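Working notes, beginning with the structure itself.
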């Protein structure tokens, strides 16, 4: 490693421990460390490990080598400690080991994971229940991936026809315009293909249906029905289609624009929605079951706003708005009208 690279590396390491690294600087540091993992102190590797979730497009080989190096250092330190060494330096070493273990646990429980399988050119991003994640794509476009969702795309987007993604779940897209090369941007689901040149839109593939809401720009929907059906959306319009059920809701003005994309800001807004549908939407991103025991309660429509990633708080607010008594049994919520209210009905 030449002197300039060494100085740049040390400068970035200082900023790392000061928690002052930008995403671009973190990416540069990861690349430098990848080339010199053997000469990198364990404390630096641990700090890098804890910052890995801030660099969505980190080279997979680099991330694997960093994880392996931290884990190996942990094992070697434990193995080389004799009884006297353990007594004399137990406090300092235990702190380092705990911090390393915590870093590994942070990765295991991270809100999203990037997997690379047999095909080294493909990126797969998966979010856990209760968490959503923002990702910068190779062309500079931004995606906010909702909880319990999956996004797949190729790493190399140098070809004008390479801006293609596969989506399961829900995502909010802010597409970088590429007018000079007329590069299309396409999102594929099981039901249809959303094609744009530069726009902001939301795609939801839950309930065996793909629902598209256009916030800004223009999109073209190519229906996955074996025909050449196309629909064009205008800003503020929403449309949905199910190839399995052969159900199409043609483009129409959204009842409430906030309702369509509120999840990306940490809450979900409902307008004239039956209680059962509200619970189904919460369950899709928070992994729980539910049962509505009181007749008539499931179909009653409500207007409310609930936190999307705090199910305990959401259920507390839901009970307050609906007047339902909510009891949790295992991973299941039981809802029924309170006895005091039932006497008046």
Subject >> Residues that are touching a helix residue (DSSP H, G or I) at 6+ places or on another chain (Cβ under 6 Å) and either surrounded by fewer than 19 Cβ atoms within 10 Å (Cβ to Cβ) or in contact (Cβ under 8 Å) with a residue 60 or more places away in the chain (or both), drawn from the stretch 204-235 >> reply: 206
**OP:** Considering each of 139, 159 in turn, give the residue that is over 22 Å from the mean Cα position of the chain (by Cα), closer than 17 Å to residue 123 by Cβ and surrounded by fewer than 18 Cβ atoms within 10 Å (Cβ to Cβ).
**Re:** 159
**OP:** For the stretch 244-345, please list each of the helices (runs of 4 or more DSSP H) lying entirely inside it that holds at least 1 residues being at pLDDT 90 or above and touching a strand residue (DSSP E or B) at 6+ places or on another chain (Cβ under 7 Å).
**Re:** 257-261, 275-286, 311-322
Original post:
Based on what the data block shows, is residue 201 touching a residue at least 24 places away in the same chain (Cβ under 8 Å), under 25 Å from the mean Cα position of the chain (by Cα) and under 30 Å from residue 326 (Cα atoms)?
Top reply: no
**OP:** Being at pLDDT 85 or above and in a loop (DSSP other than H, G, I, E, B) is the filter here, so list the residues in the stretch 177-201 that pass it.
**Re:** 189, 190, 191, 199
Original post:
Since residue 153 meets every condition but one in (1) in contact (Cβ under 8 Å) with a residue 24 or more places away in the chain; (2) farther than 18 Å from residue 215 by Cβ; (3) assigned to a loop (DSSP other than H, G, I, E, B); (4) in contact with a strand residue (DSSP E or B) (Cβ under 9 Å, 6 or more places away or on another chain), which condition does it not meet?
Top reply: (3)
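The values are calculated or read from the model by the stated rules, or taken from the named source; none is laboratory data. The model shown is predicted, which means the values in this text are computed figures rather than measured ones. Note that each Cβ is placed from the backbone with ideal geometry, even for glycine, and that neighbours are counted across all protein chains shown.
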